[in-house]
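In what follows, a structure is listed as structure tokens, so that the remarks can point back to it.
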Amino acid sequence: MSEVPSPARFTFDAIGVIRSPFKEKFGIPRQSGLMSAAQSQLELLPPYDRDEAVRGLEGFSHLWITFVFHGVRQGDWSPTVRPPRLGGNQRLGVFATRATHRPNPIGLSVVELIGIKREQGHLLLQLRGADLMDGTPVLDIKPYVPYVDSVPTARAGFAAGAPQPRLQVAFAPEAEAVCVQRPPLREFIVQMLQYDPRPAYRGDEEPGRIYGVRVFDCNVRWRVEGDTAQVIAIDPA
């Protein structure tokens, strides 16, 4: 039997934290890059917030972000999980999926880098398309290098193609009125709900159930009617 290399446990420091419009796990896209309207910031923390540490990063359009799934219970993992892409009805090995419940709660996402700036003394990386909750601890940043990180002939198992939007999105007059004042919010909500963030396995969900999801400074309430997500209200969070 192989011996476990020493040390078997490691301790890491967070180099930064994500500032995101997603205030809870519910509603976050299940992969990065699906929501172009999702813009967030990675705030680098001392002592990693030095300008020299990101020198040359502006030459790359995309980044790998290594982060901690801080919104899941620690130690809560299973050798098999139910991927949402398979309707939540089929179990696969955890290492054959990107499930959040893992032996070590570490995630990896590709995000678009759209800017680097200092604001009130903080060093911020401006990101687009991140699938990360507000407050997510970041462990590392690496530039995305297309010639080695993109493999056109790679097989992708059950996730061979990008997910397609499942729902149309409509707004009640009261919700539409809020969006008139904040057009980017409307686009964000459409992109979020069109992929149907409800749990893949819904079982005996009651008809007309109203869902709520917190994004930005709002609580968005919606329900599904046929193949349409009907946004019924957008209230202050």
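The values are calculated or read from the model by the stated rules, or taken from the named source; none is laboratory data. Just so you know, these numbers come straight off a predicted model, no measurement behind them. Ideal geometry is used to build each Cβ from the backbone, glycine not excepted, and the neighbour counts take in all protein chains shown. Areas reflect the complete protein model, heavy atoms only, side chains present, ligands, DNA and RNA absent. Shrake-Rupley method; radii C 1.70, N 1.55, O 1.52, S 1.80 Å.
Computed values, structure above
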quantity: Contour minus Cα-Cα distance for Asn104 and Trp77 (0.36 nm per residue); calculated: 8.8 nm
quantity: Segments 226-232, 118-124, 23-29, 129-135 sorted - mean Cβ within 10 Å per residue, highest first; calculated: 129-135, 23-29, 226-232, 118-124
quantity: Packing-based ranking, highest mean first, of 145-152, 107-114 given that Cβ atoms within 10 Å are counted; calculated: 107-114, 145-152
quantity: With every protein chain in place, the chain: carbon and sulfur % of accessible area (1.4 Å); calculated: 52 percent
quantity: Fraction of alpha-carbon pairs over 26 Å apart in the stretch 1-138 - percent; calculated: 31 percent
quantity: Global geometry of the stretch 145-237, whether rounded, prolate or oblate, following the gyration tensor of its Cα atoms and the 1.5 cut on a/c; calculated: oblate
quantity: Distance between modelled label sites at Leu92 and Glu52, nm, 7 Å Cα→Cβ extension; calculated: 4.4 nm
quantity: Rg over Rh [alpha-carbon atoms, Kirkwood Rh] for the stretch 159-204; calculated: 1.09
quantity: Label point distance in nm, Asp140-Ala170, each placed 7 Å from Cα along Cα→Cβ; calculated: 4.9 nm
quantity: Stretch gain in nm, segment Leu45-Phe12, where the contour uses 0.36 nm per residue and the Cα spacing is subtracted; calculated: 10.5 nm
quantity: Paired Rg and Dmax values of the chain, which use every Cα atom, in angstrom; calculated: 19.4, 66
quantity: The chain: relative contact order as a whole-number percent, Cα under 8 Å and 6+ apart; calculated: 26 percent
